[in-house]
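Q: Have a look at this one before I ask anything.
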Amino acid sequence: MKKTYIFASLAAVAVLAGCSSEPDEYEVKEYTSIANPASVYCVQQGGELDTVTENELRVTYCAFSEEDRTEQWEYFRNAQEQKKVQQ
């Protein structure tokens with residue numbers, strides 16, 4: 001009788017140990033990239049992206065000429081606000 005309890009206990013422990021394993025690691029084979037909407041808008045409007053370092057920060061400008069350049073997000077937001085006003 002004692003052997004039966006020991007055997008049943010060992011079997012239960014083995015079953016539970018098998019169920020508690022961690023999942024296998026998986027490989028990421030493909031990444032989805034999402035374009036920056038401000039950058040896309042700048043290029044669609046005929047501008048060029050100009051990325052510079054200012055005060056140890058990377059800043060991207062939308063440049064149409066040497067004299068005419070605006071920070072890309074500022075340009076994008078201004079264009080979106082103008083569209084709302086026109087509607």
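Q: Of the residues that sit in segment 1-48 and are of a type in the set (Lys, Arg) and assigned to a helix (DSSP H, G or I), which one is modelled with the highest pLDDT?
A: LYS2
Q: Let me ask you something else. Of the residues that sit in segment 60-87 and are charged (D, E, K, R) and surrounded by 12 or more Cβ atoms within 10 Å (Cβ to Cβ), which one is farthest from ASP50 (Cα to Cα)?
A: Per the stated criteria, the residue is ARG77.
Q: Right, another one. Select from segment 33-57 the residues that are in contact with a strand residue (DSSP E or B) (Cβ under 9 Å, 6 or more places away or on another chain) and of a type in the set (Ser, Thr, Tyr) and list them in ascending order.
A: Once the filter is applied, which keeps residues that are in contact with a strand residue (DSSP E or B) (Cβ under 9 Å, 6 or more places away or on another chain) and of a type in the set (Ser, Thr, Tyr), segment 33-57 yields SER39, TYR41, THR51, THR53.
Q: Mind listing whichever residues of segment 50-68 are over 20 Å from ASN36 (Cβ atoms) and of a type outside the set (Asp, Glu)?
A: Matches in segment 50-68: ASN55, SER65.
Q: Follow-up question, since we're still on this one. Mind counting the residues in segment 30-47 that are surrounded by 10 or more Cβ atoms within 10 Å (Cβ to Cβ) and either without any contact (Cβ under 8 Å) to a residue 12 or more places away in the chain or among the basic types (Lys, Arg) (or both)?
A: 2
Q: For residues that are more than 23 Å from the chain's Cα centre (by Cα) and not basic (Lys, Arg), scanning just segment 76-87, find the one that is nearest to GLY46 (Cα to Cα).
A: Top of the filtered list is ALA79.
The values are calculated or read from the model by the stated rules, or taken from the named source; none is laboratory data. All figures in this text were calculated on a predicted structure; none of them were measured in a lab. Cβ coordinates were reconstructed from backbone atoms using ideal geometry, including for glycine residues, and neighbour counts include every protein chain displayed.
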